[in-house]
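Readers should treat all values here as calculations from the given coordinates under stated rules, not as data from a laboratory. Quick caveat, the model's predicted, so the values are computed rather than measured. In this analysis, Cβ positions are derived from the backbone assuming ideal geometry, glycine residues included, and neighbour counts consider all displayed protein chains.
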Amino acid sequence: MNTTIDNVPDLVPSLIGGSWKVSSTDTHNKVYNPAKGEVISKTPMGTAKDVEDAVEAAEKAFPSWSETPAPKRADILYRYRALLETHFEDLSKLIALENGKTLAEARGDMRRGFEVVEFACGIAHLSKGESLGQIAENIDGLTIREPLGVCAGISPFNFPAMVPMWMFPMAIACGNTFVLKPSEKVPLTVVHLAELFQEAGLPEGVLNIVHGGKEIVDTLCTHPRIAAISFVGSSHIAKYVYSLGTKHGKRVQAGGAAKNVLLVLPDAEPDSTLRAIMGSAFGCAGQRCMAGSLLMGVGEIADSLRDNVVGAMDSLKVGNPLAEEDTEMGPVIDGNSQKRITKIIDKAVKDGTKLVRDGRPNTKDKGFFVGPTLFEQVTPSMSVFSKEIFGPVLSMLNPKSIEEAVGWLNSLNYGNGATIFTSSGASARQFTRSIKCGMVGVNVGVPAPMSLFPFSGWNDSFYGDLHMQGIEGVMFYTRQKVVLSRWDNTYQGKSGW
Ligand code: NAD
């Protein structure tokens, strides 16, 4: 099988113990091409039985996979990396088809996931422990990192490749076996990613895929033979998964929602700052957990900043990414999302928030489009300030100083990203040190870390201790054994030499 935009299955298959099969459930979720509003496939909303089968297969594969030497596991990852490179465009197009991203954004989604595989190729080095000879008289100490067992991953719709790839390549590189439940809205990219991993030589049962929603998630979080859960999605589900999983004795890392700020000082370089603002606020139609959704121009620059942003918004090309390659912004994921965002804009207008550009959809459009939307003179008491909208809606505020801006930002419940645009190192340092969030940008519109660093959300943007990516990812998917050995004179000669 090779799932591409020209070969989309009617029903999305699951991967259990190395074989592709369709769940026997009779409930399905429609998978759309959001740019056209057309149904392209259906996701089976699987049951606890699907999870049982997947866990059994993963458990069966664990002894041999966990005993496979790390350099041999890395051999498969190197082959996987090469196949991902060969199929990079196919995968990017599949992302654009089922998610509605532009091709450039879809390639970015793939690139970031690809980098995790590259990082995981170094697993032999990454999972090395520590040692100290002669920690006491004739005693040496060392630590060994061992895999946990069967791990599970649950991912959101907005990054069909990158977010699942924060999870399964690292977990598998560390010697675990894995059950992945992708978003029921974008299940196809994951199918193709798994097909290529099989082609790279991954033994059967090491990666399993199940499809569905709450029933699958609940079964994974409570399953006695699952050791760890990685989750990414909205904060209320992240919190739910964290508490359910930990209550059932699992290690859990759960990324949640966000409200990210772009703070512009009068000394910022105007052109690159404008490009970064546009990419951050309207890239992926605002459906990024690192999207800048609050724009603050400090002091006297507020009006000119608004005029520049409005000019760029008015020339932003919104369209169907696969039909027109020069599309700069695609649709939102589905009709529900389109309605939800529209309602948020309706309510904000009703509450007196000043609307500068209105992207509320024209009902004649078949695709799930919301145009770029701008509010100004927003204050911290307004709902558009504190709630994640997850659409192409930017809210402008006008703080008098960095201190006032930081005070407002630190009152938010979330803690993913914040960026300052300035040419002053001192201002950047002041901002970086005083802001209470986990990922900070200086003149970078989307300060999402690459695979070498942790994706470091704080507050309601993350529940758990060890984040995804980087060394924290290796730590999450392994546990340490400490070995103390005493070899003194009394043992000499015992074996006859
Ligand atoms: P979502 O929370 O609706 O879904 C995420 C996953 O949870 C899906 O696999 C879904 O099937 C499952 N799920 C949905 N409802 C459930 C329920 N009631 N019980 C159990 N499981 C359930 O999120 P989404 O709409 O797919 O994704 C968007 C959200 O993800 C945004 O809030 C965004 O900020 C967040 N996100 C966060 C990060 C991060 O790293 N912090 C990254 C990407 C996206």
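Within the group Val384, Val446, Val474, which residue is in contact with a helix residue (DSSP H, G or I) (Cβ under 9 Å, 6 or more places away or on another chain), farther than 30 Å from Arg251 by Cβ and among the β-branched types (Val, Ile, Thr)? Before the answer, list the steps.
Details: Val446 fails: farther than 30 Å from Arg251 by Cβ; Val474 fails: farther than 30 Å from Arg251 by Cβ.
Just one listed residue meets the conditions, Val384.
Quickly run through segment 211-227 and pick out the residues that are away from the ligand (no atom under 11 Å from the Cβ) and buried (at least 24 other Cβ atoms within 10 Å of the Cβ). Before you say what the answer is, go through the steps one by one.
Keep residues of segment 211-227 that are away from the ligand (no atom under 11 Å from the Cβ), which gives 222-227.
Ile226 - this is the single residue of segment 211-227 that is away from the ligand (no atom under 11 Å from the Cβ) and buried (at least 24 other Cβ atoms within 10 Å of the Cβ).
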inquiry  = Where the second residue is more than 6 Å from the ligand (Cβ to nearest atom) and assigned to a helix (DSSP H, G or I) and the first is at negative phi and lies in segment 230-242, which pairs have Cβ atoms under 7 Å and are six or more apart or on separate chains?
reply    = Ser230/Met167; Phe231/Ala238; Phe231/Val241; Val241/Cys221
ask   = Out of segment 283-311, which residues are of a type in the set (Asp, Glu) and within 16 Å of the ligand (Cβ to nearest atom)?
value = none
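Only one residue in Thr143, Thr86 is out of contact with any Asp or Glu (no Cβ under 7 Å at 6 or more places or on another chain) and either at positive phi or of a type in the set (S, T, N, Q) (or both), so which one is that?
Values: Thr143 fails: out of contact with any Asp or Glu (no Cβ under 7 Å at 6 or more places or on another chain).
None of the others qualify; the one that does is Thr86.
Here is a yes/no grid of residues against (1) more than 16 Å from the ligand (Cβ to nearest atom); (2) within 24 Å of Pro449 (Cβ to Cβ):
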{"position": "Met110", "(1), (2)": "no, yes"}
{"position": "Gly129", "(1), (2)": "yes, no"}
{"position": "Ile144", "(1), (2)": "yes, no"}
{"position": "Leu180", "(1), (2)": "no, yes"}
{"position": "Pro187", "(1), (2)": "no, no"}
{"position": "His192", "(1), (2)": "yes, no"}
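Is it the case that segment 156-175 has a residue that's within 16 Å of the ligand (Cβ to nearest atom), among the aliphatic types (A, V, I, L, M) and without any contact (Cβ under 8 Å) to a residue 24 or more places away in the chain?
First pass over segment 156-175, keeping only residues within 16 Å of the ligand (Cβ to nearest atom): 156-168, 170.
Cutting the leftovers down to among the aliphatic types (A, V, I, L, M) gives us 161-163, 165, 167, 170.
Subset that is without any contact (Cβ under 8 Å) to a residue 24 or more places away in the chain: none.
No, segment 156-175 has no match at all.
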request  = Kindly provide the set of residues from segment 256-298 that are under 19 Å from Gly425 (Cβ atoms) and in contact (Cβ under 8 Å) with a residue 60 or more places away in the chain, ordered by number.
outcome  = Leu262, Leu263, Val264, Leu265, Asp267, Ala268, Glu269, Ser272, Thr273, Ala276, Val298
task = Select from segment 228-258 the residues that are surrounded by fewer than 24 Cβ atoms within 10 Å (Cβ to Cβ) and near the ligand (Cβ under 10 Å from one of its atoms) and list them in ascending order.
result = Gly233, Ser234, Ser235, His236, Ile237, Tyr240, Leu244, Ala257
